[in-house]
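The values are calculated or read from the model by the stated rules, or taken from the named source; none is laboratory data. Only a predicted model underlies this, so the values are computations on that prediction, with no experimental measurement involved. Positions of Cβ are generated from backbone atoms using ideal geometry, with glycine treated the same way; all protein chains shown enter the neighbour counts.
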Ligand SMILES: Cc1cc2nc3c(=O)[nH]c(=O)nc-3n(C[C@H](O)[C@H](O)[C@H](O)COP(=O)(O)OP(=O)(O)OC[C@H]3O[C@@H](n4cnc5c(N)ncnc54)[C@H](O)[C@@H]3O)c2cc1C
């Protein structure tokens with residue numbers, strides 16, 4: 001029995017195993033994982049925590065697979081390390097580990113905040129950032145946080161291993177450039193925020209009922225000595241088929257002052273640059289636009305305050321945590 005199914009009840013675990021796969025492999029190296037994927041020639045799938053994948057198979061949204069390839073036993077992929085000027089997160093690192101990591105809290109604050117709103121403690125204890133990214137949903141919370149940090153992903157397949165910008169990993173809603181049947185997302189990385197840099201994340205949810213985000217947003221700002229903005233990244237989701245980089249808003253900010261007025265102007269540009277849909281599960285287009293207009297200035301102000309003070313002002317605590 002895989003520990004990764006621990007969040008299911010015993011009867012559910014039996015059903016999952018019956019319907020989701022025939023063979024379950026836990027290779028001990030990336031090379032062995034790629035060899036297995038190659039051997040199954042499209043009939044195997046990589047599994048992380050299984051929090052998305054198993055439900056989708058059970059609900060008939062994806063066909064069962066002949067084999068699951070679980071990287072959990074591959075040495076080194078369960079670590080968060082500093083390497084070559086980056087914070088590097090292995091693909092089997094769970095959201096719970098990310099939100100407890102002091103380096104990420106301090107130097108990738110929007111990622112810690114975004115992983116902290118995912119599900120509840122049970123989901124975060126098994127779900128991974130790699131799975132969140134590989135699933136390629138336009139509203140994956142960890143994905144939105146990592147996109148604002150200008151993250152990258154490392155992909156391994158038969159042709160070798162390479163890093164690619166995070167935004168290149170998304171082809172459409174649920175469509176990843178990383179073929180889960182033939183490639184392994186091995187690691188994720190971003191450059192830690194330094195002096196005069198800060199980041200922040202915020203998600204608007206219905207207070208009760210359907211657990212779909214209305215809109216989520218994250219920002220990373222770098223200021224100069226005069227507190228003008230020297231670089232800015234803003235991500236928003238769901239706002240189109242892939243996680244959205246609000247380039248028009250980013251342009252408004254760069255070289256301008258880190259002021260409320262500038263943040264409001266950038267938020268207007270962000271609204272003009274997205275085409276939001278009305279959804280009975282999320283909210284109307286107008287309401288969601290208004291949420292960007294009203295909340296993005298606050299997110300930018302928090303990122304800016306963190307850049308100026310080096311503090312973690314207004315840190316969003318993980319949701320649903322036990323007291
Ligand atoms: C109750 C509940 C609440 C949730 N709440 C949220 C939420 O608030 N916000 C949110 O963003 N998500 C939420 N999720 C979705 C899910 O938990 C996250 O997206 C999680 O990060 C997925 O990670 P995982 O490791 O479980 O991925 P899995 O389910 O194992 O895999 C997801 C997809 O990624 C692929 N994959 C996984 N790892 C790799 C890899 N290393 N290389 C290549 N492909 C890979 C799989 O083949 C599959 O296609 C929720 C899920 C549940 C069940």
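Candidates in segment 146-175 are the residues that are in a loop (DSSP other than H, G, I, E, B) and in contact with a helix residue (DSSP H, G or I) (Cβ under 8 Å, 6 or more places away or on another chain); of these, the one that is surrounded by the most Cβ atoms within 10 Å (Cβ to Cβ) is 149.
For residue 227, are the conditions met, namely being surrounded by fewer than 22 Cβ atoms within 10 Å (Cβ to Cβ) and either over 30 Å from residue 28 (Cα atoms) or without any contact (Cβ under 8 Å) to a residue 60 or more places away in the chain (or both)? Please lay out each step first, then the result.
Details: surrounded by fewer than 22 Cβ atoms within 10 Å (Cβ to Cβ): yes; either over 30 Å from residue 28 (Cα atoms) or without any contact (Cβ under 8 Å) to a residue 60 or more places away in the chain (or both): yes.
The answer is yes for residue 227.
Determine which member of the set 200, 136 is modelled with pLDDT of 95 or more and surrounded by fewer than 24 Cβ atoms within 10 Å (Cβ to Cβ). After applying the criteria, what remains is 136.
For segment 153-176, a residue qualifies if it is away from the ligand (no atom under 13 Å from the Cβ) and either within 19 Å of residue 38 (Cβ to Cβ) or in the same structural domain as residue 62 (by TED's automatic domain parsing) (or both), and the qualifying residues are 158, 159, 160, 162. Restrict the check to segment 228-236 and report whether at least one residue is in the same structural domain as residue 293 (by TED's automatic domain parsing), outside any strand (DSSP E or B) and touching a strand residue (DSSP E or B) at 6+ places or on another chain (Cβ under 8 Å). Checking segment 228-236: not a single residue is in the same structural domain as residue 293 (by TED's automatic domain parsing), outside any strand (DSSP E or B) and touching a strand residue (DSSP E or B) at 6+ places or on another chain (Cβ under 8 Å). Considering segment 138-149, the residues that are more than 7 Å from the ligand (Cβ to nearest atom) and over 8 Å from the mean Cα position of the chain (by Cα) include one that is farthest from residue 204 (Cα to Cα), namely 149.
Residues that are within 13 Å of the ligand (Cβ to nearest atom): which strands (runs of 3 or more DSSP E) entirely in segment 32-137 hold 3 or more of them? Break it down stepwise before answering.
On the way: elements: 44-46, 65-69, 80-83, 86-90.
Those strands (runs of 3 or more DSSP E) span 44-46, 65-69.
Condition check for residue 276 on (1) farther than 14 Å from residue 215 by Cβ; (2) in a loop (DSSP other than H, G, I, E, B): one failure, at (1).
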